[in-house]
Amino acid sequence: MLTLDFRLSAIANVILRDFKLINKNLTFYFQDIHGESYSKFKRFNRNWWLRRKQAHDFIKKIKKDNLFSLKTKIDYYITNAYVKIFNISS
């Protein structure tokens with residue numbers, strides 16, 4: 001369910017220090033009122049919280065695998081609590 005968007009990719013690359021720029025289109029993005037971005041990820045719905053949780057888990061794994069510290073913000077705790085309370089899973 002997690003769509004790795006630009007923000008997650010950029011964070012991972014900065015942390016891993018493995019960032020390369022290429023002059024090539026690898027993906028194309030557009031929004032459609034009947035598409036996934038519009039229909040499934042409205043702010044604060046079930047899928048939005050699940051995607052947010054998966055993004056936090058992704059960053060946590062990068063932190064663990066690369067042995068660096070990054071302060072955990074309150075958003076991480078709120079997201080995990082919400083997902084647990086409302087039993088949201090993929």
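The values are calculated or read from the model by the stated rules, or taken from the named source; none is laboratory data. Keep in mind that this is a model prediction, so the values were computed, not measured. Cβ placement follows ideal geometry from the backbone for every residue including glycine, while neighbour counts extend to all protein chains displayed.
Tabulated results
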read-out: Long-range neighbours under 7 Å by Cβ, at least six apart or interchain, first residue modelled with pLDDT of 85 or more within the range 41-70, second of a type in the set (Ser, Thr, Tyr) and assigned to a helix (DSSP H, G or I); value: Trp49/Thr79; Trp49/Tyr82; Arg52/Thr79; Lys53/Thr79; His56/Tyr76; His56/Thr79
read-out: Index of the failed condition, Asn23 passing every other in (1) in a helix (DSSP H, G or I); (2) modelled with pLDDT of 80 or more; value: (1)
